[in-house]
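S.K.: Handing you this structure, nothing more for now.
Derivation of every value follows stated rules applied to the coordinates shown; laboratory data play no part. Fair warning: this is a prediction, and the values are worked out from it, not measured in the lab. With ideal geometry, Cβ positions are generated from the backbone for all residues, glycine too; neighbour counts draw on all protein chains shown.
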Amino acid sequence: MSDQVSLTVNGASISVPSGATVAVAVALAGQPCRTSVTGEPRGPLCGMGICFECRVTINGIPHRRSCQSPCEQGMEVTSET
Amino acid sequence: MPQSFDILVIGGGPAGIAAAIRAAESGANTGIVDDNAALGGQIWRRARTESVAEPAAEWHQRLQTTNVSVLCGTRVFDQPEPGLLLAERHNDILQLAYQKLVLATGARERFLPFPGWTLPNVMGAGGLQAMVKAGLPIRDKRVIVAGTGPLLLAVAAYLRSHGAEIPIICEQASWGKLARFGLTLLADRQKTTQARQLKRDLAGVPFAANAWPVAAHGHTAVQSLTIMRNGRSEEIACDYVASGFHLVPNTELAALLGCQIRGGFVHVDHLQRTSLPNVFCAGEPTSIGGLELSLIEGEIAGLAASDRVPEAQRLVADRKKWARFARRLDRTFSLRNELRGLASPDTIVCRCEDVPHSRLREHGSWRAAKLHTRCGMGPCQGRICGPATEFLFRWSPDSVRPPVFPVRVSSLSAERTGQPEHTKHEEANR
Ligand SMILES: Cc1cc2nc3c(=O)[nH]c(=O)nc-3n(C[C@H](O)[C@H](O)[C@H](O)COP(=O)(O)OP(=O)(O)OC[C@H]3O[C@@H](n4cnc5c(N)ncnc54)[C@H](O)[C@@H]3O)c2cc1C
Ligand code: FES
């Protein structure tokens, strides 16, 4: 099963094709990447590392741009508030 | 210890790749830096499962025959002294010293705020394409493509070839402008072939000129989009909206270094020399002209930087031809006035700080708005809201301060200690 990578998004397990970015895993999990300062759900906008709308916490490290981060086996991803 | 280069290229898109090849062929110790995981820039970005297509393959192969040092996943954020750049890679700081520098930092999409544009699954056109290349399944999804510029067609064709359904492509330019643009394409065989291919790829997809998005609807994600088409509004169901309004150049690094910026673009002469000695610029930061212009400018910059001026001069005529194409793009896809009225008072313009249109329009300048509303002070550093407010309110951008990208705290403490300038990265780390 080397073609799939398993990780968790907000505690739920999800399996994605290897090479997929964390932004894709978060989208497939049906979760927003972050909640904005006025409480809106937000997801990727630019897809190229510029807007920071896709930021999430990865393995405890906050503010990672999920569109620029490849998924790795066992990663723990959480949306940011 | 800094890594030292005779010629250092920042940006690994077509312009940067061409510059690095030409520089290295001359025997110069050359490096190329890009913040993505692989070289290729925007147009040559590809899914892991896709093979490299022409003409990218040819350039990649040519690069492999040189001894260019490739530094990917590396983002340049500051120049503490002339000839020395700082870059972040993972959590490390790299010091990169250069004799000559080629800036090939490309462009990004322009986004315009309309009600609902902050809903998840409303993305840039290139943005959604990049997500699909990064593994997002798009088969059987309904994607409305809306905005302006040739990128809309390229993206619609790409998404369709991956199984998406495109209910409509909305182009804000008028039929008249598009027709004039189309006629000028006939003068060039390459462009005519590209246009014919696009036409085949998009056969059966409704295309509307004089049409633009006015409001996206949904709760946790977009479910439909209202568009304005020939003066009538119409709501269309969708799973995604891919919306971008042509491109804006990435000039921040050039501005930080002190290169002269004219009319929003990095000013260069016929040999791609900026106003600073030993600093060259190529590709989209100098004008939005498409692949061919980026490649030629890259070649000229690489040749000129390695003192092969006569060879560089031989390419200047070709460059002129594609520069004319860039001007035609500008004219055709210039934004219509009606788009200034798209945002309603409570539409968020600055997405980082959630600043609505009503709070911004009270201010007379970008600087005043920043000071009073925090617009542009978030982690995007105004890259998204800056071009939007430039159009909406005709504000001109502020001067650029380091770091040009938010940097992790550990990176900065390794940088210049004691300088109280780095408010920007703190925003990113809030
Ligand atoms: C989102 C997007 C999608 C596009 N998709 C298409 C398409 O499908 N078809 C098409 O014909 N044209 C497309 N274009 C247009 C295409 O990019 C241009 O026509 C042209 O090829 C640009 O080449 P370039 O080398 O000038 O810039 P780019 O290809 O943009 O390359 C610039 C590179 O520099 C990097 N960079 C910038 N700043 C730094 C820094 N500080 N440190 C390190 N690296 C940095 C960027 O990440 C990027 O990889 C797209 C443009 C955008 C913005
Ligand atoms: S989507 Fe814009 S930074 Fe990731």
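S.K.: Going by the alpha-carbon gyration tensor, a ≥ b ≥ c the square roots of its eigenvalues, is the stretch A:4-79 rounded (a/c under 1.5) or, if a/c is not under 1.5, prolate (a/b greater than b/c) versus oblate? Don't skip to the answer; put the middle values down first.
M.R.: Numbers: a/c = 1.77, a/b = 1.43, b/c = 1.23.
Prolate, because a/c is 1.5 or more and a/b exceeds b/c.
S.K.: Okay, moving on. How long, wide and thick is the stretch B:112-245, going by the Cα atoms along their three principal axes, in whole angstroms, largest first?
M.R.: Cα extents, longest axis first: 48, 36, 24 Å.
S.K.: Okay, next question. Would you tally the net charge around B:A203, using a Cβ to Cβ cut-off of less than 12 Å, leaving B:A203 out, and scoring K and R as +1, D and E as -1?
M.R.: Neighbourhood net charge equals +3.
S.K.: For labels at B:R324 and B:E338 in the simple 7 Å Cα→Cβ model, what's the distance in nm?
M.R.: Computed distance between label sites B:R324 and B:E338 equals 3.2 nm.
S.K.: Say each of B:Q99 and B:R48 gets a label point 7 Å from the Cα, pointing the same way as Cα to Cβ; how far apart are those two points in nm?
M.R.: Rounded to a tenth, the inter-label distance reads 4.1 nm.
S.K.: Okay, moving on. On a full-extension model of 0.36 nm per residue, what is the gain between B:D346 and B:D140, subtracting their alpha-carbon distance, rounded to one decimal in nm?
M.R.: Residue separation times 0.36 nm, minus the Cα-Cα distance, leaves 70.8 nm.
S.K.: To continue, here is another question. What are the ³J(HN,Hα) couplings of the stretch B:337-349, residue after residue, when phi is run through the Karplus curve with 6.51, -1.76, 1.60 and θ = phi - 60°? Round to Hz, x for glycine and proline.
M.R.: 4, 3, 5, 5, x, 5, 6, 8, x, 8, 5, 6, 9
S.K.: Counting each DSSP H run of 4 or more residues in the protein assembly as shown as -39500 (n - 2.57), what helix-only mean residue ellipticity at 222 nm follows after dividing by all residues, to the nearest 500 deg cm²/dmol?
M.R.: On the way: 16 runs with 149 residues, N = 511.
Here the helix-only value at 222 nm equals -8500 deg cm²/dmol.
S.K.: Along the Cα→Cβ direction, 7 angstrom out, place labels at B:E58 and B:V205. What is the inter-label distance in nm?
M.R.: Result for the modelled spin labels: 2.6 nm.
S.K.: Sticking with this one: Quick one: grab the alpha carbon gyration tensor of the protein assembly as shown, order the square roots of its eigenvalues as a ≥ b ≥ c, and give me rounded if a/c is under 1.5, else prolate or oblate depending on whether a/b is larger than b/c.
M.R.: Numbers: a/c = 1.34, a/b = 1.14, b/c = 1.17.
Judged from the Cα gyration tensor, the protein assembly as shown comes out rounded (a/c under 1.5).
S.K.: Give a residue-ordered list of calculated ³J(HN,Hα) values for the stretch B:100-108 (Karplus: 6.51 cos²θ - 1.76 cosθ + 1.60, θ = phi - 60°; whole Hz; x for Gly, Pro).
M.R.: 10, 10, 10, 8, 9, 7, x, 9, 10
S.K.: What are the residues whose amide H is under 5 Å from the amide H of B:C375, where those residues sit 5 or more places off or on another chain and H is modelled from the backbone?
M.R.: When sequence neighbours closer than 5 places are left aside, there are no close amide H contacts.
S.K.: Next up: Out of every Cα pair in chain B, what percent are spaced more than 26 Å from each other?
M.R.: Details: 52316 of 92235 pairs.
That fraction is 57 percent.
S.K.: Mind checking the full-extension length gain between B:D188 and B:T220? Use 0.36 nm per residue of separation minus the Cα-Cα distance, one decimal, nm.
M.R.: Difference between extended and current length: 6.9 nm.
S.K.: Please tell me which of these pairs span more than 26 angstrom C-alpha to C-alpha: B:K100/B:K133; B:K141/B:K199; B:K133/B:K177?
M.R.: Details: B:K100/B:K133 34 Å; B:K141/B:K199 21 Å; B:K133/B:K177 32 Å.
With Cα atoms farther than 26 Å apart: B:K100/B:K133; B:K133/B:K177.
S.K.: Would you please give the FRET efficiency between B:E362 and B:L198, computed as 1/(1 + (r/R0)^6) with r the Cβ-Cβ distance and R0 = 30 Å, to the nearest 0.05?
M.R.: Efficiency, from the Cβ-Cβ distance: 0.10.
S.K.: Name the lysines eligible as straight-distance cross-link partners of B:K320: C-alpha to C-alpha under 17 Å, and not fewer than 8 places from it in the same chain.
M.R.: B:K191
S.K.: Using θ = phi - 60° and the Karplus relation 6.51 cos²θ - 1.76 cosθ + 1.60, list the HN-Hα couplings for the stretch B:293-301 in order, rounded to whole Hz, with x at every Gly or Pro.
M.R.: 5, 4, 5, 5, 4, x, 4, 4, 4
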